[in-house]
Structure formats: C-alpha cells, structure tokens
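Okay, handing you the structure first.
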Amino acid sequence: MSDDEEVVIKKSKQVHYGSLEEQEKARLAALAAAAREGVEESDGKDLGDIQISSEYMDLEDEMSKDKKALLEEFERRRKARQLNVSTDDDEVRRSLRQLGEPVCLFGEGPAERRVRLRDLLSYLGEDAIHKKLEEEEARIERDRCREGTWYHEGPPELRDARLWIARYSLPRAKQRLTKAREELKLPGSIRAAAKQESQRKASAISIYCSQIGDTRPISFCRFSNDSQMLITSSWSGLCKVWAVPECEALATLHGHTCNVSSATFHPAAAMPQHFRDKIKDAKEGKTGTPEAMETNEDKSEVCTMASCAYDGSVHLWNFSSDRPMASLGGHAPARVARVEFHPSGRFLATTVFDHSWRLWDLETATEVLHQEGHAKPVYSIAFQGDGSLAVTGGMDAFGRVWDLRTGRCVMFLEGHVGPLLAVDCAPAGHQLATTAADHQTKIWDLRRRAPIYTIPSHTHLVSDVRYQRSHGHFLVTSSYDKTAKLWSNPAWHPLRTLSGHDNKVMSADISLDNKYIATCSYDRTFKLWVPDLA
C-alpha cells in the first residue's frame, strides 16, 4: 500500500458506553481521595449533579389507589340513591343555605337543585345540616363570650365610689329582703286584696288636667319624690317645674340652646317654701315681684334637678335660680339621651350617643366612671332601688345590667328586635321592664337571668315604661300610637288605656303616692290622670 492511497476507516454502528453508576462511584472515590490529600481537580469541572436513587415506584400500589377511589365513588353514589331529600323546593333551598351553598345556580330547576343537595349530603354526610347548625350555634356562643366589655381605666376616685355604693346598698338590700319576708307572713288573701285594690284604682283612672307646656314638643316628664312637683323638658330648650295637681308653672329653667332630651328631680328634692307661697298667691289672685322672689332665704343652694340636651350639655339646677348652678362637660359633641340620679342622690348617670354611659360624683363634680359595652348609642338607664345595679338600654337592641360595686356586667338582655328606648326596675328589686321600637314590653327576672313575659303593648314604638313606685302592682307604658296603657303585675293584663293626646306620647310617670299619672306628648301638652272612684 502506497502513501497516496486513502485509508478508509469503517465506523461501527453501535457505541458502547460504560455504566454511569460505575463512573459516578469512581469519580466520587477520586474526589474523596483528592480531598484527603488536599488536591483539587485541575479542570474545575463539577459533576455532582447526577443523583442516584434506589427508590422504585410500585405500579401495583398506584393501581390499587385508583381502584380504591373508584370503589369509594360507587359507594358514595349508592348512599346518594338511598338518601331521603325533601321534595319541597323551599326546604331544599333552606338546606342549601344552611350548608353555605348557593341557593340557585344559573338555569337550575327544582329537580336539579334537589339532585345537587343529595350529592352534597352524600359527600358531607346525612347529618351535615344538623352539624352545621350546631357549629353555627357554637360559633355564636363563642362570639358572644368573646364580646368584650370595654373598661376604661378609671380615676382613683372610682374605687372609693364603688366602696361607698357597696356600703350604701347592702343595708338597703337587707331592709328590702326583711320587708319582703314580713309581707310573705301575711295571709295570701290580705296580699291579694291589697293588690286588687291598687289595680282597681288604676283601672278607674281618668284625665284630671291638660296643660299646654311649651311651644314645641315635650320630650320628658318626671314627678318629684314628694309628689308635689312635675318637671318637663321640651325641644324648645326649656325645662319647666309645675305644681301638682294645680299645673301652675313654678319655674322656667333657661340654659340649654337646643332640644332637651330629659330632666329629672334629685331624690331628696322637695317643694321649697317660696314655691308654696307662689301657689298660695296664685290662688288668692296675688302676684309676687321678681325682687321678692330673689330675696327669699328659703331657697336651697344644693342640686335639686338635672337635665341634658342633644348638644351634649348636662346642667345641674337648684330652686334658687332659673340658670344652671353647674354643668358637666365632656359629652359634646355626642348627644346625651338621659340623666338619672342614683337613689343616694350623690351620683348622676348620663347615657351618651358615643356608645357609653357615665357616672358622675356630684360632691366633687368629677366623672368617676366611663363605661362602654354597647355597639350603638346608649339611650336609657335606670337604677335598682338598692343602688347596687344599673340597667342600660342601647340602640343596638340589647340591654345590660351592671353591678356598680364591682363594675361587671352581670346580665345581658337579649330579645328585642329594635332599639331599647326605656328601662325601669321594679320596687321588689328582682324584676325589670324594657321597652323598644319593636312595639313590645319585656319583663325580666334577675334571678333567672331571663325574660319571663313579653307584652305586645302597643301598635307603635314604646317610648317609656314606669313601675308603680311603692309596690309595683302595675306599670304604665307610653307609645307613639298616641296612647299610654296600664298593665297589671304579674298577670300583665291591660287595666286602662289613657287616650287623649293628639300626637305621639313621649314619656309617662307615676307619682310616689300613687295619686297621679303624668303623660307628655309631641302635641306640646302634658296631662295629669287620677283615679275616678266617684
């Protein structure tokens, strides 16, 4: 073969490679040896991304899983065929709503909806609806337990005030219980006769006097504890004190600049001598000069009345002047709906539209308690006769009973479906009444912590409620249906309907001596009612 001849090399059709596993093992062994000797690879190549795994996928296991899922689907369909689903479409819709599913899908008819419900129950279980309801009830209960009552950090005087209220209320509670036990020792016929006589007088009540009280609607009225005076508040910004039963204007209180929400007397307020002289002069046809009235030495300098208005102002008054003796600030610009004296007379409570209520110490003119707890404005408040409990009603349709000695909310009043507009405590101490915009009056038992009766009292919202203050044998409710009604206790039968106002009745009250009932109205008048036993 010469040098000029070409050499043809025959290429093999198959290329044989060595085992990658063997090469990887050899490479790892070389790297380990180089690491021990401190020698690195010169080419700098890293072949460590080749992974070796000894795991193998078992095809039989995967096939068994598919078979299991298929069998489960057949079993589910068999259960679905055995499920009993109502044919009532309304009930089917309710069940879907309880399960949290869409009530109706696009283009879905009653039959398809029923099939969808059956499929859902086959997945979730036949008792899924019952479990869902139980879970919802448990969630609501948890939420209710988590409803934290907001407690503002009180001043140092709050502790002293709570101790003072405890020392004041405990002896009074003991006296009340002792009196109740003594009454229980009386024969039942005597107790029943006294109650029947009281209710008989209430059922015979009729109008005694009707008086135009102001140029604008009269929003509130309350008797004094001596039953000789009546105070009214008006949307004109004025409060007026009237003689009972003469309906003679004794004083006009100037100080508010907008609608007055409420006004009330101090528990110890009694008619002063210069008011008596004014009534006597009016009967005799005499007129006293303002100078003579101002120099009267019988006028008291202590607080005898309180009032509040829409602009957040709270004024304290006495019988010495027609101007406020003091004002309690800190409410504005929120509206103050009600003011109420503690039975001791030392404290004054205010309900505010900033979702809170306050307690003021009148001896020091300081706010000792700022209490939240309602989700909407607080509208009404009442104290138990002992002075240990306060009841508040809010625009959130709920009420709360507060222990003033500890600050805790001891009872939650749930049942109304409208804003609570009035609350009052019975003289017995264990019962209270609430009225709301749902046209109803509810009676609550503090011992059971539950409502015991619901009175469908009016055909419009119920604006006020008051127990008979001496024995609690009956109560009066006022309403925007232009009437006030008397109800027996404990049967809660209607005793009398007080008709006569031309517009909605804003408030009502019963005098402590049980001789008079007062109602005030949007028609700018107030009326006195007395038993007609002739």
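The values are calculated or read from the model by the stated rules, or taken from the named source; none is laboratory data. Bear in mind that the values here come from a model prediction, so they are computed numbers and not experimental data. Positions of Cβ are backbone-derived with ideal geometry, glycine not excepted, and every protein chain shown enters the neighbour counts. Only protein heavy atoms, including side chains, enter the accessible area calculation; ligands, DNA and RNA are left aside. Shrake-Rupley method; radii C 1.70, N 1.55, O 1.52, S 1.80 Å.
Would a scan of segment 157-167 turn up a residue that is among the aliphatic types (A, V, I, L, M), open to solvent by less than 80 Å² (accessible area, probe 1.4 Å) and at pLDDT below 85?
no
Hey, any hits in segment 478-486 for a residue that's open to solvent by 10 Å² or more (accessible area, probe 1.4 Å) and β-branched (Val, Ile, Thr)?
Yes: one or more hits.
Is there a residue being modelled with pLDDT under 95, open to solvent by 10 Å² or more (accessible area, probe 1.4 Å), of a type in the set (S, T, N, Q) and more than 22 Å from Leu475 (Cβ to Cβ) anywhere in segment 367-387?
Among the residues of segment 367-387, not one is modelled with pLDDT under 95, open to solvent by 10 Å² or more (accessible area, probe 1.4 Å), of a type in the set (S, T, N, Q) and more than 22 Å from Leu475 (Cβ to Cβ), which makes the answer no.
Based on what the data block shows, is Gly399 assigned to a loop (DSSP other than H, G, I, E, B) and out of contact with any helix residue (DSSP H, G or I) (no Cβ under 9 Å at 6 or more places or on another chain)?
Considered against the rule, which asks whether it is assigned to a loop (DSSP other than H, G, I, E, B) and out of contact with any helix residue (DSSP H, G or I) (no Cβ under 9 Å at 6 or more places or on another chain), Gly399 comes out as no.
Give the residue that is modelled with the lowest pLDDT, with candidates limited to residues of segment 102-145 that are basic (Lys, Arg) and closer than 30 Å to Val410 by Cβ.
Result: Arg144.
If you take the residues of segment 503-534 that are of a type in the set (Gly, Ala, Ser) and either closer than 14 Å to Ala204 by Cα or outside any strand (DSSP E or B) (or both), which of them is modelled with the highest pLDDT?
The selected residue is Ser511.
Which of the residues belonging to segment 427-467 are over 14 Å from Thr483 (Cβ atoms) and among the charged types (D, E, K, R)?
Selection gives Asp438, Lys442, Asp445, Arg447, Arg448, Arg449, Arg466.
Does Ala202 satisfy the criteria of being open to solvent by less than 40 Å² (accessible area, probe 1.4 Å), of a type outside the set (S, T, N, Q) and under 30 Å from Thr406 (Cα atoms)?
It is false that Ala202 is open to solvent by less than 40 Å² (accessible area, probe 1.4 Å), of a type outside the set (S, T, N, Q) and under 30 Å from Thr406 (Cα atoms).
Can you find, within segment 499-523, the residue that is least open to solvent (accessible area, probe 1.4 Å) among those that are of a type outside the set (Ser, Thr, Tyr), touching a strand residue (DSSP E or B) at 6+ places or on another chain (Cβ under 6 Å) and farther than 17 Å from Asp424 by Cβ?
His501
Does any residue in segment 152-175 that is free of Cβ contacts under 8 Å to residues at least 12 places away in the same chain and within 16 Å of Pro427 (Cα to Cα) come within less than 7 Å, Cβ to Cβ, of a residue that is among the aliphatic types (A, V, I, L, M) and open to solvent by less than 90 Å² (accessible area, probe 1.4 Å) six or more places away or on a different chain, and which pairs are these?
Correct list of pairs: empty, since none qualify.
For every residue, the table says whether it meets (1) out of contact with any Ser or Thr (no Cβ under 9 Å at 6 or more places or on another chain); (2) open to solvent by 40 Å² or more (accessible area, probe 1.4 Å); (3) part of a loop (DSSP other than H, G, I, E, B).
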residue: Val417; (1), (2), (3): yes, yes, yes
residue: Leu432; (1), (2), (3): yes, no, no
residue: Arg448; (1), (2), (3): yes, yes, yes
residue: Thr454; (1), (2), (3): no, yes, no
residue: Thr459; (1), (2), (3): no, yes, yes
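While we're here: Here's a check for you: in segment 321-333, which residue that is assigned to a loop (DSSP other than H, G, I, E, B) and in contact with a His (Cβ under 9 Å, 6 or more places away or on another chain) is most open to solvent (accessible area, probe 1.4 Å)?
The selected residue is Arg323.
Looking at segment 208-266 only, could you name the residues that are of a type in the set (Ser, Thr, Tyr), in a strand (DSSP E or B) and open to solvent by 20 Å² or more (accessible area, probe 1.4 Å)?
Scanning segment 208-266 gives Tyr208, Ser210, Thr252.
For the list (1) modelled with pLDDT under 75; (2) more than 34 Å from the chain's Cα centre (by Cα), I need the number of the one condition that Glu73 fails.
(1)
Only one of (1) over 29 Å from Asp160 (Cβ atoms); (2) open to solvent by 30 Å² or more (accessible area, probe 1.4 Å) is not met by Ala426, so which one is it?
Answer for Ala426: the failing condition is (2).
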